[in-house]
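Only the coordinates and a few stated rules stand behind these numbers; no lab work does. Bear in mind the structure is a predicted one, so any value in this text is a computation, not a measurement. Here the Cβ positions follow ideal geometry from the backbone for every residue, glycine too, while neighbour counts run over all protein chains shown.
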2 protein chains.
Amino acid sequence: MEADRVPTHPDVRTIPLQQVLEALVDPVRRSIVTKLRESGEDIRCGGFDLTVSNSTATHHFRILREAGLIRQYYVGTSRMNALRRDEVDEVFPGLVDAITTAHRMSPHPA
Amino acid sequence: MEADRVPTHPDVRTIPLQQVLEALVDPVRRSIVTKLRESGEDIRCGGFDLTVSNSTATHHFRILREAGLIRQYYVGTSRMNALRRDEVDEVFPGLVDAITTAHRMSPHPA
């Protein structure tokens with residue numbers, strides 16, 4: 001069923017700041033968002049060089065999707081990830097930029 | 001002993017981003033930092049209208065101090081709190097502003 005493969009995405013305006021920060025406090029999830037922010041491109045789930053298992057990675061992507069930070073869609077069998085930067089920036093100005101910049105610059109990334 | 005009453009403060013440049021974000025992911029601690037940011041003044045521990053017990057509040061202030069976000073000092077018997085905004089901004093540009101602005105604007109603050 002094609003419909004089952006298309007994840008649902010919340011309206012960012014309905015998402016509490018608490019949920020967004022809880023998503024970004026995890027270093028693996030923060031590295032995913034930082035890579036999307038820096039590359040400026042959508043990236044498939046397998047393209048992040050994560051050091052966690054596939055099931056753990058899937059969990060992290062779900063948390064990010066439910067927090068309104070990423071949009072997921074399929075291209076063939078690949079699940080792609082897009083940063084919802086403009087939408088998040090409208091609700092929480094500068095938040096994604098500040099956290100991803102800090103993550104990249106931090107001498108102690110985790 | 002006067003020395004015992006003066007809390008120690010870490011160099012912000014030595015603090016991992018992870019520790020700063022873990023400090024700010026708690027809504028009570030975020031409200032403390034937001035109030036300091038908005039008032040632009042130092043505030044005594046009793047001046048925050050917190051809805052938690054004194055011992056819990058003391059815990060929250062300690063977490064913020066150890067994360068390099070606030071500086072504490074005594075005026076008489078009052079423990080005062082100052083936001084270390086400029087120092088944190090040098091290491092993590094825009095982070096405190098983005099999170100405190102989001103906290104203030106959020107329709108779902110907690």
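Please give the net charge around B:R104, taking every other residue with its beta carbon less than 12 angstrom from that of B:R104, where Lys and Arg add +1 and Asp and Glu add -1. Once all neighbours under 12 Å are counted, the net charge is +1.
Distances between copies of B:G40, taken at a point 7 Å out from Cα along the Cα→Cβ vector and listed shortest first: 3.7 nm.
Given +1 at the Cβ of Lys and Arg, -1 at the Cβ of Asp and Glu and no other charges, the dipole of chain A around its Cα centre is 240 debye to the nearest 20. If you sort the three axes of the alpha carbon gyration tensor as a ≥ b ≥ c, you get a/c of 1.5 or more for the protein assembly as shown and a/b above b/c, which makes it prolate.
Copy-to-copy label distances for A:R62, where each label lies 7 Å from Cα along Cα-to-Cβ, are 3.6 nm in order of increasing length.
If R0 is 35 Å, the Cβ-Cβ spacing of A:R71 and B:S78 corresponds to a FRET efficiency of close to 0.10. In nanometres and ascending order, the distances from the A:D89 label point to those of the other copies are 2.1 (point 7 Å from Cα along Cα→Cβ).
Taking only C-alpha pairs under 8 Å that are 6+ residues apart, what is the relative contact order of chain B in percent? If you can, show how the numbers build up before the last one.
Values: 109 pairs, mean separation 37.6, N = 110.
Relative contact order, chain B: 34 percent.
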